[in-house]
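To start, the structure itself, in structure tokens.
The values are calculated or read from the model by the stated rules, or taken from the named source; none is laboratory data. Please read all numbers here as calculations on a predicted model, not as lab measurements. Because the Cβ atoms are built from the backbone with ideal geometry, glycine has one as well, and the counts that use them run over all protein chains shown. Note: accessible area is taken over every heavy atom of the protein model, side chains too, but ligands, DNA and RNA are not part of it. Shrake-Rupley method; radii C 1.70, N 1.55, O 1.52, S 1.80 Å.
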Amino acid sequence: MQLEFFGAAGEVTGSCHIVRAAGRQLLLDCGMIQGGADAPARNRRNFPFEPQSIDAVVLSHAHIDHCGRLPLLVKRGYRGPIYTNGACADLLPILLRDTAELAMREAERANRDLASGEERVTPLFDIADVEAVLRQVKSMRFDQPRELFPGITVRVRDAGHILGSSSVELWVSEGAVSRKLVFSGDLGQYDTPILQDPFAFEAADLVLMESTYGDRLHRGREGTERELGSILAQAARDGGNVVIPAFAIGRSQEILYLFAKHYDEWQLARWKIFLDSPMAIAASRVYWKHPDRFDAEATRLRAGFRGMPPLPNLVLSGSSDDSRAINNIRGGAIVIAGSGMANGGRVLHHLKHNLWRPECHVIIVGFQAPGTLGRQLVDRLPEVRIHGERIRVAAQVHTLGGLSAHGDQTQLLRWYDSFKGRPPVFLVHGEVPAAEALAVKLREHGASVTVTRPGLQIDLASVPALAHDLPSS
Ligand SMILES: [Zn+2]
């Protein structure tokens, strides 16, 4: 029995790990690599396994850096089941169809400008591949163990990161030898709006853990909400617009939820709020459809919500005409639009129209991978390029780490501390400095820690057995 690291080892995107046990091969996630000029080429490379040889995929959540290469896997021959929880299964079509359409549009555009003799560009995958993925999805209930194959049992627990985000418990056995692996997936903050806290595990022989913010401490939730309120107050005084690049799934819903929660206190009636993303609009509907995943506060507030949180001045911008109309607004608009790292999508137009104006504000609310426009804004570059145009950054850029979908160092340590017997940790899903910083802290908490790299293989049988909690499925 063996674990091999392939993607999101030494970096944040492209999550994919391979488990070989009981004569089967399983993938944990099959995500897209994002950010960096070489990302498109890296995504096209061959997998280090034959897609036909995989027996099952277990998907932690619907973010594209975890699910984005599933259509490619299917295109290259994978026909097996893709297990995930029901909320993730509801979000998956929204994300994957959007990704395919984007890829197809980009390929079309590239082919239009083709010089004669140049090879035609094909999209990484198309909508037919996505539909094939969706037919292979099998929903699992949270907290219910399921035997996938003799000797392989899985159970998903809430990871509190976005709706339908899970940590994965995996029991594998061969003859008398059995081991339990816990894969954190992406871990949310403990007091994330709407969602439940990450599940507190007790037993594992080996822990695969994310480390996105392993070197960072977020401002507390209350402080963060206060800061957001005061940025909006300042922006109202300045008289410009506010642009919030946000992931369609997760941040968009949480921001709307916070706006609804603080509507009077933050005097939001003076703004026009745009959710400028068909994908975020669709994802919001899925969010409000899964109150079983809500925390106590959201459950209480939901009693007064019908469908979306009640924002009388919320405009859902579905069509591109709706979106373009926002460009004419000089002040008084809060625009939430994707992509979350500002490396594409409608938010680019809004940034192009507002970044150069000192009375405008940009609020960064999520992780920004190196090489993205969002990262350049966080790094306070005085000038950026959008659609080939040079734009001076005069707007005020705020980074609200406390709204992140990922737990910070303290919260990651808290998650690990619930394990009994200090199981060894393999850190994934973090840039090396973040993972190294978390490793130092985890070692102080008694763990043996490995910062993973692609191709690293672990013989699971050689890991000492600590967990004895194989559930009957
Ligand atoms: Zn995620």
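Strands (runs of 3 or more DSSP E) wholly in the range 369-444 with at least 1 residues that are crowded, with 23+ Cβ neighbours inside 10 Å - which ones?
Passing ranges, in order: 425-428.
For the range 305-327, the condition of being under 19 Å from the mean Cα position of the chain (by Cα), of a type in the set (Val, Ile, Thr) and open to solvent by less than 60 Å² (accessible area, probe 1.4 Å) holds for none of the residues.
If I ask for residues that are touching a residue at least 60 places away in the same chain (Cβ under 8 Å) and either more than 16 Å from the ligand (Cβ to nearest atom) or of a type in the set (Phe, Trp, Tyr) (or both), which ones from the range 373-395 would you list?
Within the range 373-395, the subset touching a residue at least 60 places away in the same chain (Cβ under 8 Å) is 374-375, 395.
Result: Arg375, Ala395.
So which residues in the range 58-81 are touching a strand residue (DSSP E or B) at 6+ places or on another chain (Cβ under 9 Å) and within 10 Å of the ligand (Cβ to nearest atom)? Passing the criteria: Ser60, His61, Ala62, Asp65, His66, Cys67. In the set (1) open to solvent by less than 10 Å² (accessible area, probe 1.4 Å); (2) outside any helix (DSSP H, G or I); (3) over 19 Å from Tyr287 (Cα atoms), the condition left unmet by Glu119 is number (1). Output yes when any residue across the range 452-467 is within 25 Å of Glu11 (Cβ to Cβ), assigned to a helix (DSSP H, G or I) and either of a type in the set (A, V, I, L, M, F, W, C) or touching a Leu at 6+ places or on another chain (Cβ under 6 Å) (or both), and no when none is. Looking through the range 452-467, at least one residue is within 25 Å of Glu11 (Cβ to Cβ), assigned to a helix (DSSP H, G or I) and either of a type in the set (A, V, I, L, M, F, W, C) or touching a Leu at 6+ places or on another chain (Cβ under 6 Å) (or both).
Of the numbered criteria (1) without any contact (Cβ under 8 Å) to a residue 40 or more places away in the chain; (2) in a loop (DSSP other than H, G, I, E, B); (3) more than 26 Å from Asn327 (Cβ to Cβ), the one Asp292 fails is (2).
Criterion first (within 16 Å of the ligand (Cβ to nearest atom) and closer than 28 Å to Asn343 by Cα) does Gly10 satisfy it? Spell out the reasoning first.
On the way: within 16 Å of the ligand (Cβ to nearest atom): no; closer than 28 Å to Asn343 by Cα: yes.
When the stated conditions are applied, Gly10 does not pass them.
Of the residues making up the range 4-39, those that are assigned to a strand (DSSP E or B) and of a type outside the set (A, V, I, L, M, F, W, C) are Glu4, Gly7, His17, Arg20, Arg24, Gln25.
Across the range 51-63, what is the number of residues that are crowded, with 24+ Cβ neighbours inside 10 Å and outside any loop (DSSP other than H, G, I, E, B)?
We begin by selecting, within the range 51-63, every residue crowded, with 24+ Cβ neighbours inside 10 Å; these are 57-63.
Filter again for outside any loop (DSSP other than H, G, I, E, B), leaving 57-58.
Number satisfying all stated conditions: 2.
Restricting attention to the range 88-131, and to residues there that are of a type in the set (Gly, Ala, Ser) and under 25 Å from Gly250 (Cα atoms), which single residue is modelled with the highest pLDDT? Before you say what the answer is, go through the steps one by one.
The initial filter retains those residues of the range 88-131 that are of a type in the set (Gly, Ala, Ser), namely 89, 100, 103, 107, 110, 115-117, 128.
Now drop any that are not under 25 Å from Gly250 (Cα atoms), which leaves 89, 100, 103.
Details: Ala89: 98, Ala100: 95, Ala103: 89.
Of everything passing the filter in the range 88-131, Ala89 is modelled with the highest pLDDT.
Taking (1) within 30 Å of Gly14 (Cα to Cα); (2) outside any helix (DSSP H, G or I); (3) open to solvent by 30 Å² or more (accessible area, probe 1.4 Å) in turn, Ala282 satisfies each apart from (2). Pairing each residue of the range 433-454 that is on the phi > 0 side of the Ramachandran plot with any residue that is open to solvent by 30 Å² or more (accessible area, probe 1.4 Å), provided the two are 6+ apart or on different chains, yields C-beta distances under 6 Å for Gly446/Arg422.
Every residue, every condition in (1) in a loop (DSSP other than H, G, I, E, B); (2) within 16 Å of the ligand (Cβ to nearest atom); (3) buried (at least 19 other Cβ atoms within 10 Å of the Cβ); (4) basic (Lys, Arg), yes or no:
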{"site": "Leu187", "(1), (2), (3), (4)": "yes, yes, yes, no"}
{"site": "Asp191", "(1), (2), (3), (4)": "yes, no, no, no"}
{"site": "Glu202", "(1), (2), (3), (4)": "yes, no, no, no"}
{"site": "Gly229", "(1), (2), (3), (4)": "no, no, no, no"}
{"site": "Gln234", "(1), (2), (3), (4)": "no, no, no, no"}
{"site": "Val243", "(1), (2), (3), (4)": "no, no, yes, no"}
{"site": "Ser252", "(1), (2), (3), (4)": "no, yes, yes, no"}
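Might you let me know whether the range 208-226 holds any residue that is surrounded by 20 or more Cβ atoms within 10 Å (Cβ to Cβ), closer than 30 Å to Ser139 by Cα and among the aliphatic types (A, V, I, L, M)? Among the residues of the range 208-226, at least one is surrounded by 20 or more Cβ atoms within 10 Å (Cβ to Cβ), closer than 30 Å to Ser139 by Cα and among the aliphatic types (A, V, I, L, M), which makes the answer yes. When residues in the range 349-361 are screened for being open to solvent by less than 40 Å² (accessible area, probe 1.4 Å), within 14 Å of Val384 (Cα to Cα) and not in a helix (DSSP H, G or I), 2 of them pass. Touching a strand residue (DSSP E or B) at 6+ places or on another chain (Cβ under 6 Å), open to solvent by less than 70 Å² (accessible area, probe 1.4 Å) and modelled with pLDDT under 95: is that true of Ala467 in this structure? When the stated conditions are applied, Ala467 passes them. Asn46 satisfies every condition listed in (1) under 25 Å from Phe367 (Cβ atoms); (2) open to solvent by 30 Å² or more (accessible area, probe 1.4 Å); (3) away from the ligand (no atom under 16 Å from the Cβ) except (1).
Looking only at the range 143-182, filter to residues that are within 13 Å of the ligand (Cβ to nearest atom) and part of a strand (DSSP E or B); which one of those is surrounded by the fewest Cβ atoms within 10 Å (Cβ to Cβ)? Step by step, filter the range 143-182, then rank; the result is Ser167.
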